[in-house]
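Okay, structure first, notes after.
Every number here is computed from the coordinates shown, using simple stated rules; none is lab data. None of the values given here were measured: they were computed from a predicted structure.
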Amino acid sequence: MDESNLITMTGKEARRYEVIKDLIDKKIDGSEAATSLSLSVRQIKRIKAKVKKLELEGVIHGNRGKASNRRIDKETIKAAKEHLKETYHDFNPLLAKEKLFELHNINLSKENIRHLMIEEELWKPKKKSSVKRFSWRERKDNYGEMEQFDGSYHNWFEGRNKKESGLEQCLLVTVDDADGSIPQARFEDNEGVEAVFRFWKEYLTEKGAPLAIYLDKFSTYKVNHKNAVDNKDLMTQFERAMQQLNIRVIHAHTPQAKGRVEKMNGTLQRRLVKELRLNNIDTVTAANTFLKETFLPKFNRQFKVVPKKKADLHRKQDGVNLDKILSIQSERTVNNDYTIRFKSNYYQLSEIQPATVYKKDKVIIEEHLSGDIKIALRDKYLTYTTLPQRPKKEIKINLPALTNRKPTNWKPPLNHPWRGPAWASKKQ
């Protein structure tokens, strides 16, 4: 037999040919043939006519061996491969697809890109995992109802800014639970209280206060001490500030509990690192500007979902003294000479004060984000001067208190009630 006349058939086509032959030989009728091949009677009639005319070729699809009308141009494939190898070799298929279209006007599907990357050994197909998946908690209904907050330490600049802050930087990020957007992200050197306060001051000023913040048990956010379970007065600076702002703080017991922000950290470590590289950004200042003005608006347009309800539950903070609330606050005692010691510094209170100050009064030292030190007593800021050195000796001053008036030498007359015994004034 001439090999050029050989016809290759699939098992499905061979089965179809046998059934149609039985139909032609009148061993079965059209309805039985349609049931056997899971086709309609009309399709059976068309295939029967083709088999009568073309024999075996009648059951073979007419487009077999022909080039697809939707085939991709070879030059486009070549250009895509070059860009993938030169620039996007460590991108995932979805991000590579976006950048090829955005920067090079090459419009290929994610699957096409994935196959090209596998072919060029730039991407390894992922095996199905047998690990037990955690079920997602149902989203909140409204924007601003709950924010998931976390800090992600990573080599965000890929070592391009060693002189500035070392290899790793901390990205503070919050994810809205209702729509999955990133309302705010900010690079800091660490996840300490000052960095976190800077983050939330910007957030509260621009968007208002959310109803709740969901975060982990890092020491900035929670007192991790056995006594803290029974003593609710043991609070971190962050918990104290959120309490004053009437924001509920929820501590996650496991990373999976705040899975949306944990997953977002992984997404940003894949995407944001490449975006910073493509835009030649290697400083924290430039990165924060890029995040706010370019990356986050584009990211949220592409990936945020539609919340169940349209309300925005953020509460505006007009009239709220955020500088005071988002400061590091410490309690200290007024000494007998009206000085206050704080962090190896001594502060001398002025003689005239907006609030009455007694010896041994408890005052609050506020360390503001601006670097200012304020001393508060009963919601009043006391005036003071910083002493150049430690006082040689604590002097017991006869002045009983500091008030808003300058002390005088006035003494009550002999017939004044203050001069008489206490029982005499009570009888009168």
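Pairs from the list K85/K110; K21/K48; K85/K292; K201/K324; K201/K263 with a Cα-Cα gap above 19 Å: K85/K292; K201/K263.
State the three equivalent ellipsoid semi-axes of region 80-119, derived from the C-alpha gyration tensor as the square roots of 5 times its eigenvalues, in descending order and whole Å.
Details: eigenvalues 32, 25, 15 Å².
Computed over region 80-119, the values are 13, 11, 9 Å.
What the phi angles of region 33-48 give under the Karplus curve with 6.51, -1.76 and 1.60, with θ = phi - 60°, is a coupling list of 5, 5, 5, 5, 9, 6, 10, 7, 4, 5, 5, 4, 4, 5, 5, 4 Hz, glycine and proline written as x.
Here's how it looks for V249: its modeled amide H is under 5 Å from those of I213, which are all 5 or more places away or on a different chain. The lysine pair tally for region 327-402, using Cα distances under 22 Å and a gap of 8 or more places or different chains, is 21. For region 7-59, taking Cα atoms only, Rg and Dmax work out to 10.0, 28 Å respectively. A simple rule links phi to the HN-Hα coupling: the Karplus curve 6.51 cos²θ - 1.76 cosθ + 1.60 with θ = phi - 60°, which for region 144-151 gives x, 6, 7, 10, 8, 10, 7, x Hz, with x for Gly and Pro.
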